[in-house]
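The values are calculated or read from the model by the stated rules, or taken from the named source; none is laboratory data. These figures come from a predicted structure and were not determined experimentally. Here the Cβ is made from the backbone with ideal geometry for all residues, glycine too, and neighbour counts use every protein chain on show. Accessible surface is based on the protein model in full, side chains and every heavy atom, while ligands, DNA and RNA are left aside. Shrake-Rupley method; radii C 1.70, N 1.55, O 1.52, S 1.80 Å.
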Amino acid sequence: VALFGGGIKKGFVYGKTADERPCLAIENPVTISDLHATLFTAMGISPKTLFEIENRPFYATEDGKGVAARELFA
């Protein structure tokens, strides 16, 4: 995933993939929930944001558990 703008560091590579299997993250893996949390944080929205619709909780990230990769921000 390529990210730019929103306070993201320029030219920064985060994490590392395996040499024999390039689709396998071996250093600093980021889950989908964490990626969503990172994007929301870049937009100034808390990843733990909760909306109640018909008395049911709807979180910005999966159950509000996403953690932003703060190392990506300048």
HN-Hα J couplings of the stretch 16-22 from phi, Karplus 6.51/-1.76/1.60, θ = phi - 60°, integer Hz, Gly and Pro as x? 8, 10, 5, 5, 7, 9, x
Counting only protein heavy atoms, what percent of the accessible surface of the chain is carbon or sulfur at a 1.4 Å probe? 56 percent
Treating only Lys and Arg (+1) and Asp and Glu (-1) as charged, each at its beta carbon, one finds that the chain has a dipole about its Cα centre, in Debye to the nearest 20, of 260 debye
Three-way shape call for the stretch 1-71 based on the alpha-carbon gyration tensor, with the a/c threshold at 1.5: oblate
Placed amide H near Phe73: partners under 5 Å, 5+ positions off or other chain: Lys9
Could you tell me how many degrees, from 0 to 90 and to the nearest 10, lie between the Cα long axis of helix 32-42 and the main elongation axis, the longest principal axis, of the Cα atoms of the chain? 80 degrees
